[in-house]
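Peer 1: This structure is in structure tokens; I'll ask about it shortly.
Taken together, the values in this text are just the output of simple stated rules run on the coordinates, not laboratory data. Everything quoted here is computed from the prediction, not taken from an experiment. Quick reminder, even Gly has a Cβ in these numbers, built from the backbone with ideal geometry, and neighbours come from all protein chains shown.
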Amino acid sequence: MAFGKMGAAMDLMSKMDMSKISELAKKVDLNELIGLVSSLDESTLNSMMKMAKSKGRKKDLPAVNGDFFNITETLTDNQRKIQAEVRAFMEAEVEPIINQYWSRDEFPQQLIPKFKKLNLIRHIFNEDGSRKEDASIVEGIATMELARIDVSTATFFGVHAGLALVSIALCGSDEQKARWIPAMINMDLIGAFGLTEPEVGSGVAGGLRTTCKRDGDDWILNGEKYWIGNSTFADIIVIWAREEESNEVKGFVVEKENPGFSVEKIMGKIALRCVENGHITLKDCRVKEADRLQKADSFRNTADVLRLTRAGVAWQGVGAAMGAYEKALAYAQSRKQFGKPIAGFQLVQNHLVLMLGDVTAMQQMCLRLSRMQAKGEMRDEHASLAKVFTAARCREVVARGREVFGGKGILLDQHIARMFCDTEAIYSYEGTNEINTLVVGRAVTGLSSFV
Ligand SMILES: Cc1cc2nc3c(=O)[nH]c(=O)nc-3n(C[C@H](O)[C@H](O)[C@H](O)COP(=O)(O)OP(=O)(O)OC[C@H]3O[C@@H](n4cnc5c(N)ncnc54)[C@H](O)[C@@H]3O)c2cc1C
């Protein structure tokens, strides 16, 4: 028996690295250690071995990617190429400078020549203002990529290439389209869209106070417009006004040099501070009949423009949420507390998974919306539901993202604070959450809550 034990011990010792044992003996009482370890059960010992083996080995963390269900794979090669170009542009040209401009309430003008080089609008519109076959998908994916880094930049683009350009494309004569659209596609002319007024926001459909009156070959515009994005520097501003005589809404392309036109920048916003929103005053502002949008005869035409652009705002929510998720995940992987990355804590993982679920649902909804739009199947309530859903989800995602950053989440240089603030604007413009809810409510119940 004793010989048996001795034999086993000799066998064990022949396999052991004696230099390591003597190192260990310097650190702990070997007898005590062996006593303790031998009293443990097998499963505890196995987990201890696993832990000890993994310690010190640098684990490769998964790549940060907010496209969990791989929507990119469902795109065509050309759409993927455009997506990659917009992503590279935003990461290289916008992200490094945007916080500085955001804190100054200023749009970075140097981005305009860079946007020209990117040539994004050419992938969406033809020179005559008609849309490319896959315009809705390209516009959606591109907007997601713009907003993934910065919602102000996405809004600058959406106002120019969406609201302003689409107004002319849908409501302009052939001559007017030829005059303005190619220059807008090239971004030689920058556009703005003036519908909202200081006293009239959600109720624009029936209540515009800005008036227009025919005077020979001219029209005379009087009134005020509020919140008008890009209007402090835009070359042309689409102004919607109610004709005094007929009470119908008409659209005009007003140049910033028009007599009677003036604009003041709205200061002190807590969201989208790089979008220059203006308070426009029109005082006996003279506009030529040739500059009146020839196919805009009533608010129905204005609504057609808004229907087309609302999908774009839904995509802004997707992009902002995707950006916030990616920023939060990257931070959680690198930030250590209690000796390990905070991404390893269950409550932080809960934040990240809830964020990712929202982002993924938003992506699927908007991609389907854009595909319906491309086939001409999208109705007002479809765009409104997407806007309601994505704006609300985005608001929650950015708030969770901010939380993952702890105190640093309120610092501009981490980017998440800017996203957190900017999301508040997505929630309220292009139809507030309530108004879009009522549009969907009317469609599904068959009963309108509007007066
Ligand atoms: C950053 C930013 C950029 C913008 N850019 C532009 C632009 O470029 N061009 C432009 O024309 N406009 C622009 N807007 C204006 C925007 O479209 C309006 O802010 C929006 O339509 C809401 O109008 P309001 O702010 O006057 O709110 P209000 O209409 O005064 O609404 C105030 C509150 O009352 C609620 N409410 C109103 N009516 C109802 C109802 N019937 N039932 C239930 N609730 C109701 C609203 O949902 C909201 O919560 C911009 C706004 C912002 C914030």
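Peer 1: With a ≥ b ≥ c the root eigenvalues of the C-alpha gyration tensor of the chain, is it rounded (a/c under 1.5), prolate (a/b larger than b/c) or oblate?
Peer 2: Prolate, because a/c is 1.5 or more and a/b exceeds b/c.
Peer 1: Estimate the FRET efficiency between residue 186 and residue 76 by the formula 1/(1 + (r/R0)^6), using the beta-carbon distance for r and 22 Å for R0, to the nearest 0.05.
Peer 2: E(calc), rounded to 0.05, equals 0.35.
Peer 1: At a 10 angstrom cut-off on C-beta neighbours, averaged per residue, how do the peptides 18-26, 337-345 rank from highest to lowest?
Peer 2: 337-345, 18-26
Peer 1: Charges only on Cβ, +1 for Lys and Arg, -1 for Asp and Glu: so what's the dipole of the chain about the Cα centre, in debye to the nearest 20?
Peer 2: Approximately 1780 debye in magnitude.
Peer 1: Among 234-241, 319-326, how do they line up from the highest to the lowest mean number of other beta-carbon atoms within 10 Å?
Peer 2: Going by the mean number of other Cβ atoms within 10 Å, highest first, we get 319-326, 234-241.
Peer 1: Order 65-74, 351-360, 205-214 from most to least packed using the mean count of other Cβ atoms within 10 Å.
Peer 2: 351-360, 205-214, 65-74
Peer 1: Sticking with this structure for a sec: Let me check I've understood the local charge: for residue 279, count other residues with C-beta under 15 angstrom from its C-beta, Lys and Arg +1, Asp and Glu -1. What total comes out?
Peer 2: 0
Peer 1: If you don't mind, another one. With axes computed from alpha carbons, what is the tilt in degrees of helix 42-54 against the longest principal axis of the chain, rounded to the nearest 10 within 0 to 90?
Peer 2: Helix 42-54 sits at roughly 60 degrees to that axis.
Peer 1: Taking +1 at the Cβ of each Lys and Arg and -1 at the Cβ of each Asp and Glu, which of 195, 230, 240 sits farthest along the dipole of segment 192-298 towards its positive end, judged by Cα position relative to the Cα centre?
Peer 2: Of 195, 230, 240, it is 230.
Peer 1: If I model a spin label at residue 209 and residue 103 as a point 7 Å from the Cα along the Cα→Cβ vector, what separation in nanometres do I get?
Peer 2: Distance between label points: 3.8 nm.
Peer 1: Assuming 0.36 nm per residue, please report the length gained on full extension of the stretch residue 47 to residue 21 beyond their Cα-Cα distance.
Peer 2: Here the answer is 7.2 nm.
Peer 1: Something else: So if I place +1 on the C-beta of Lys and Arg and -1 on the C-beta of Asp and Glu, and nothing else carries charge, what would the dipole magnitude of segment 192-298 be about its Cα centre? I want it in debye, nearest 20.
Peer 2: 380 debye
Peer 1: Let me ask something else. Summing Lys, Arg as +1 and Asp, Glu as -1, what charge do residues with Cβ under 14 Å from the Cβ of residue 425 carry, residue 425 excluded?
Peer 2: -1
Peer 1: Under the 0.36 nm per residue contour assumption, what length would be gained going from the current alpha-carbon distance of residue 127 and residue 84 to full extension?
Peer 2: Taking 0.36 nm per residue and subtracting the Cα distance, the gain is 13.1 nm.
Peer 1: Which angle from 0 to 90°, rounded to the nearest 10, does the C-alpha axis of helix 380-404 make with the longest principal axis of the chain?
Peer 2: In the chain, helix 380-404 runs at an angle near 40 degrees to the longest axis.
Peer 1: How high is the relative contact order of segment 259-414, in percent, counting Cα pairs under 8 Å that sit 6 or more residues apart?
Peer 2: 26 percent
Peer 1: Now a separate question. On C-alpha positions alone, give me the angle between the axis of helix 299-334 and the longest principal axis of the chain, in degrees, nearest 10.
Peer 2: Result, in degrees: 20.
Peer 1: Work out, step by step, the length gained on full extension between residue 29 and residue 14: first 0.36 nm times the residue separation, then minus their alpha carbon distance; give nm to one decimal.
Peer 2: 3.2 nm
Peer 1: Further question on the same structure: Run the numbers on the chain and let me know its relative contact order in percent, using alpha-carbon pairs under 8 Å that are six or more apart.
Peer 2: 16 percent
Peer 1: So, counting K/R as plus one and D/E as minus one, what does the shell of residues with Cβ under 15 Å around residue 403 add up to?
Peer 2: +4
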